[in-house]
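**Q** Dropping the structure in here first, questions after.
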Amino acid sequence: MAMNPTDTALPLRDFPGLAELQDLVIPPSASSQPAVDALKDGRLTLQCCANCHRHRLPVAPVCPYCGSSAFDWKASTGQGVVVSWVRYPRSYLPAFEALIPYVVLCVELTEGPRLFGRLVGKDVEPRIGMPVSAVIERWTDGGHAVAFAATDGAA
Amino acid sequence: MDSRFASSVAIAGVGTLPFTRGEVKESVASFANRAVELALDDCGLERRQLDGLLIHIGSPRGLDYDEMATLLALETRFASQTWAHGRFAGTVIQHAAMALDHGLADYVVCLAAFVNTRFGHHGRVGFPGFSENLREGGGPHAETLHAGLVLPAGGTAMALQRYLHKYNVDREKLAAVALGQRRNALLNPLATMTQPMTLADYQASPYIVEPLRRLDCSVPVDTSVAVILTRADRAKDLRKPPVYLRSYQGIAAGPREFVFGQRGLGINQSEEFDYRPLGGDEPVFRAAGVMPGDVDTLHCYDGFTPHVMWTLERFGFAPMGEAADWMQNGRIELGGELPVNTSGGHLSEGHSNGWGQTAEIVRQLRGEAGPRQIPGCKLAMWATTFGDAVLYGNEPH
């Protein structure tokens, strides 16, 4: 996959819980495989419409803004702001048992799309509007998923 | 008045079993059949006259249409079944109406018979449909497992947090929904919740997913409700007064919708925008030639307390962003301006996927609601956060 040469890989860390990610992610298809592969290389990639140049998530065959099916893969900067957040005082999935209470963010990336990710770091109080940066977590089975950390100096 | 829907279809009979947790020991077919028998008795029809069957929630919590028809000895010439989610109560009624309008059947029974409590809690590992969390487009309520965003409550909590921020709303005002519907349930012998709830109880209730508390959440129950519909001209000759379908509109979906949140909040993939509800210009009102202020009682999908607030806004009962204030001081309770979910709703009667409310609409319009009866109730509405609605009346127009 041709990547933007100016992009940089995102920080990589180990997922602090215990679980096999493969049980918790959408099974990849040929359509989503480029994004899954890029995540292993430390990049969060988005489809970018070749017609209206807007980014989108999740992987979809049609641009939600203009209806075009032509697109390019683009690497995200991983920078965004918190649109909303929730906190789980208990875990309903074994993977997160050791992390409670944990916070899940809805983040709007600077490129536009929104996605959900866990807030990394227990001592960070979430707030709407808080700048965050994507990190990539490596799970015990070698899978990779996106989480978010408060951008330095922003918490 | 737009007369596209001149009440060609009516509810003729309803059968409802008590909403309970862990008490149903019989087969689902037996559980379903008891509701069908009550509904047949309610309208005076014979089983052999039922020639249409609609199933809401199939196997394994309920039964699929084919086994239901076989086990209940229904010889149907029209049958269908929806996806196993609560959001389709209005849609099931609409399918019945369209089938009747087009002559696919003469008497359609809509059957919501499902035993949830044998399977644990919705959204937990092991509950039927858990694998839906890994659909291509994400979970049905925005569940995102790798992020730890689980349970239907997660998506609603995410939308609520954004809503509170965007419209500067005090979340404590949701107590009006939880307390009001509990008071209704205490007047309803079918309801699962039988203990009073105080404001202190509500405020002390622990977070399930902050900012949603346990008492903001509906109560899972086992449900068996049968609703028989027929053409309005046939319904007039049956045992009970017809409850006419005045108008209806379908579920909204697409990139601007998030099923468990108000429009325009920008949760999940939906874009943030300045949502201005159509209110009285919603097709359901225009088709019936009425306005929100004409509705005597509102019944809505209330998986969680914010859904009531958002339904009030979406259908123009309360101004956008102001429903939390609007619904205070008993305004949505019996005796108030707009009694909501008078049987207790999913929050306190039990999560019947909209069928407890449908049965209650029929009672209210027939004058059978006992201590919960709204005097002179003529027009009742089913409506949801996700945009579908049915207007019911005790007159055809």
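The values are calculated or read from the model by the stated rules, or taken from the named source; none is laboratory data. Treat the numbers as computed from the prediction; the structure is a model and nothing was measured. FYI the Cβ positions are ideal-geometry reconstructions off the backbone, even for glycines, and counts take in every protein chain you see.
**Q** Of all residues in the stretch B:30-71, which are in contact with a strand residue (DSSP E or B) (Cβ under 9 Å, 6 or more places away or on another chain), surrounded by fewer than 21 Cβ atoms within 10 Å (Cβ to Cβ) and among the basic types (Lys, Arg)?
**A** B:Arg34, the sole residue that qualifies.
**Q** When you go through A:Ser76, A:Ser29, A:Ser69 one by one, which is the residue that is more than 8 Å from chain B (Cβ to nearest Cβ) and loosely packed, with under 15 Cβ neighbours inside 10 Å? Give the steps one after another, and end with the answer.
**A** Values: A:Ser76 fails: loosely packed, with under 15 Cβ neighbours inside 10 Å; A:Ser29 fails: more than 8 Å from chain B (Cβ to nearest Cβ).
Exactly one of A:Ser76, A:Ser29, A:Ser69 is more than 8 Å from chain B (Cβ to nearest Cβ) and loosely packed, with under 15 Cβ neighbours inside 10 Å, namely A:Ser69.
**Q** Moving on to the next point. List the number of the failed condition for B:Gly103; all other conditions in (1) surrounded by fewer than 24 Cβ atoms within 10 Å (Cβ to Cβ); (2) among the small types (Gly, Ala, Ser); (3) on the phi < 0 side of the Ramachandran plot hold.
**A** Condition (3) is where B:Gly103 drops out.
**Q** Let me ask something else about it. I need every pair where a residue in the stretch B:72-91 that is under 21 Å from B:Leu298 (Cβ atoms) has its Cβ under 6 Å from the Cβ of a residue that is assigned to a strand (DSSP E or B), sequence separation at least 6 or different chains.
**A** B:Phe88/B:His56; B:Phe88/B:Thr82; B:Gly90/B:Trp382; B:Gly90/B:Val390
**Q** Among the residues of the stretch B:231-280, count how many are within 12 Å of chain A (Cβ to nearest Cβ) and among the β-branched types (Val, Ile, Thr).
**A** So the answer is 1.
**Q** A further question on this structure: What tally of residues in the stretch B:267-295 results from selecting those that are buried (at least 19 other Cβ atoms within 10 Å of the Cβ) and acidic (Asp, Glu)?
**A** Count: 1.
**Q** Working only within the stretch B:49-87, note down all residues that are assigned to a helix (DSSP H, G or I) and either modelled with pLDDT of 95 or more or of a type in the set (Val, Ile, Thr) (or both).
**A** Once the filter is applied, which keeps residues that are assigned to a helix (DSSP H, G or I) and either modelled with pLDDT of 95 or more or of a type in the set (Val, Ile, Thr) (or both), the stretch B:49-87 yields B:Gln49, B:Tyr65, B:Asp66, B:Glu67, B:Met68, B:Ala69, B:Thr70, B:Leu71.
**Q** Show the residue pairs meeting these rules: Cβ distance below 8 Å; 6+ apart or different chains; first residue within the stretch B:331-349 and within 18 Å of B:Thr194 (Cβ to Cβ); second residue modelled with pLDDT under 95.
**A** So the pair list comes out as B:His346/B:Gly86.
**Q** Filter the stretch A:14-24 down to residues that are buried (at least 18 other Cβ atoms within 10 Å of the Cβ), assigned to a loop (DSSP other than H, G, I, E, B) and out of contact with any Leu (no Cβ under 6 Å at 6 or more places or on another chain), then give me how many there are.
**A** Final tally of qualifying residues: 2.
**Q** Got a number for residues in the stretch B:123-152 being within 11 Å of chain A (Cβ to nearest Cβ), within 21 Å of B:Ala253 (Cβ to Cβ) and assigned to a loop (DSSP other than H, G, I, E, B)?
**A** Of the residues in the stretch B:123-152, 8 are within 11 Å of chain A (Cβ to nearest Cβ), within 21 Å of B:Ala253 (Cβ to Cβ) and assigned to a loop (DSSP other than H, G, I, E, B).
**Q** May I pose another question? Could you give me the residue pairs with C-beta distances under 9 Å whose first residue belongs to the stretch B:48-66 and is within 15 Å of B:Asn33 (Cβ to Cβ) and touching a residue at least 40 places away in the same chain (Cβ under 8 Å), whose second residue is buried (at least 24 other Cβ atoms within 10 Å of the Cβ) and of a type in the set (Phe, Trp, Tyr) wherever it lies, and which are 6+ apart or on separate chains?
**A** Correct list of pairs: B:Leu50/B:Tyr107; B:Gly62/B:Phe114; B:Leu63/B:Phe114.
**Q** Please work out which one of (1) closer than 22 Å to B:Ile208 by Cα; (2) free of Cβ contacts under 8 Å to residues at least 24 places away in the same chain; (3) within 14 Å of chain B (Cβ to nearest Cβ); (4) loosely packed, with under 15 Cβ neighbours inside 10 Å is the condition A:Glu125 fails and give its number.
**A** All conditions pass for A:Glu125, except number (2).
**Q** Which pairs do you get when a residue that is over 21 Å from B:Gly138 (Cα atoms), found in the stretch A:33-58, comes within reach of a residue that is surrounded by 15 or more Cβ atoms within 10 Å (Cβ to Cβ) and of a type in the set (Val, Ile, Thr), reach meaning Cβ atoms under 6 angstrom, with the pair 6+ apart or on two chains?
**A** Note: pairs meeting the criteria are A:Gly42/A:Ile136.
**Q** Pull up the stretch A:79-99, narrow it to residues that are at the interface with chain B (Cβ under 8 Å from one of its Cβ atoms) and assigned to a strand (DSSP E or B), then point me to the one that is surrounded by the fewest Cβ atoms within 10 Å (Cβ to Cβ).
**A** A:Arg87
**Q** Looking at the stretch B:186-210, I want the residues that are under 19 Å from B:Arg21 (Cβ atoms) and touching a residue at least 60 places away in the same chain (Cβ under 8 Å) and have a partner that is among the hydrophobic types (A, V, I, L, M, F, W, C) and assigned to a loop (DSSP other than H, G, I, E, B) with Cβ atoms under 6 Å, at least 6 apart or on another chain. Which pairs are those?
**A** Every condition considered, the pairs that remain are B:Leu190/B:Phe19; B:Thr192/B:Phe19; B:Thr192/B:Val219; B:Thr192/B:Val221.
**Q** I would also like to ask the following. Select from the stretch A:32-59 the residues that are within 14 Å of chain B (Cβ to nearest Cβ), assigned to a strand (DSSP E or B) and hydrophobic (A, V, I, L, M, F, W, C) and list them in ascending order.
**A** Within the stretch A:32-59, A:Leu46, A:Cys49 meet the criteria.
**Q** Which residues, counting only those in the stretch B:264-294, are out of contact with any helix residue (DSSP H, G or I) (no Cβ under 9 Å at 6 or more places or on another chain) and not hydroxyl-bearing (Ser, Thr, Tyr)?
**A** Listed by number, the residues that qualify are B:Gln269, B:Glu271, B:Phe273, B:Asp274, B:Arg276, B:Asp281, B:Pro283, B:Val284, B:Ala287, B:Gly289.
**Q** Can B:Ala105 be described as more than 14 Å from every other protein chain (Cβ to nearest Cβ), modelled with pLDDT of 95 or more, outside any helix (DSSP H, G or I) and touching a Lys or Arg at 6+ places or on another chain (Cβ under 8 Å)?
**A** So B:Ala105 passes the test.
**Q** Taking B:Cys300 as meeting all but one of (1) modelled with pLDDT of 95 or more; (2) over 13 Å from B:Met381 (Cα atoms), write down the number of the exception.
**A** Only one criterion is unmet by B:Cys300, namely (2).
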